[in-house]
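Chemist: Take a look at this one; I'll ask things after.
The values are calculated or read from the model by the stated rules, or taken from the named source; none is laboratory data. What you see is a predicted model; the values in this text were computed from it and never measured. Don't worry about glycine lacking a Cβ; one is built from the backbone with ideal geometry, like all the others, and counts go over all protein chains shown. When the accessible area is computed, the model is the full protein with side chains, heavy atoms only, and any ligands, DNA or RNA have been set aside. Shrake-Rupley method; radii C 1.70, N 1.55, O 1.52, S 1.80 Å.
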Amino acid sequence: EDPEPLRPSPRARSFSQERTLADPTLEENVLGSVLTELAERLGRILLREQRAARTITVVFRFVDDEQQSRTRTLDAAIASAREIREVALELLARSHASIRSVRRVRLQLTNLAHSRPAEDSRQLRLF
């Protein structure tokens, strides 16, 4: 037996998802689709971890290996994929991503807070 006491791992301070594009792109609609996919993944993570985020960052890495990031900190924490997507698309519109070929897109959530599951998500008793 191991004499060391079991210690729970610390809670994550941030969550992020990224995607490297097979073909670098300038097209804002392609980048928007990628951000939508990443927001959906992060929404599922937040739901599973019962967390919400106040700060959303989008990072674009260009074909010349330079990168650009845009960040927004909200007054209230958000946890849904739809809300994350809305902020991410707003940040995309503020970037220069559509004038330089983007190779990689990363979406990061920080400034995390605890979130309670919605009343609708409770499992109901069968009997």
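Chemist: Taking 1 over the mean of 1/r across every pair of different Cα atoms in region 51-104, what Kirkwood radius in Å do you get?
Modeler: 11.8
Chemist: Separate question: Where does the longest stretch of the chain lie that holds no trypsin sites (Lys or Arg not before Pro) found in a DSSP loop with 13 or fewer other Cβ atoms within 10 Å?
Modeler: So the longest stretch without any such site is 14-93.
Chemist: Between the DSSP loop rule and a limit of at most 15 other Cβ atoms within 10 Å, which GluC sites (Glu not before Pro) in region 1-80 are left?
Modeler: Those that pass, being in a loop and sparsely packed, are Glu1, Glu27, Glu66.
Chemist: If I model a spin label as a point 7 Å beyond the Cα along the Cα-Cβ vector, how far apart are those points for Arg19 and Glu49 in nm?
Modeler: Reported label-point gap for Arg19 and Glu49 is 2.0 nm.
Chemist: Report, in degrees rounded to the nearest 10, the 0 to 90 angle that the Cα long axis of helix 81-93 makes with the longest principal axis of the chain.
Modeler: Taking Cα atoms only, the helix is inclined about 20 degrees.
Chemist: Further question: Assuming 0.36 nm per residue, please report the length gained on full extension of the stretch Val30 to Asp64 beyond their Cα-Cα distance.
Modeler: Using 0.36 nm per residue and subtracting the Cα-Cα distance, I get 10.3 nm.
Chemist: For Thr36, Thr73, give the ranking by accessible area with the largest first, probe 1.4 Å.
Modeler: Thr73, Thr36
Chemist: If you don't mind, there's one more thing I want to ask. Per residue, how large is the accessible surface of the chain? Use a 1.4 angstrom probe and give square angstrom.
Modeler: Value returned for the chain: 69 Å² of accessible area per residue.
Chemist: Still on this structure, please answer the following. For the chain, what ratio Rg/Rh do Cα atoms give with a Kirkwood hydrodynamic radius?
Modeler: Rg divided by Rh gives 1.10.
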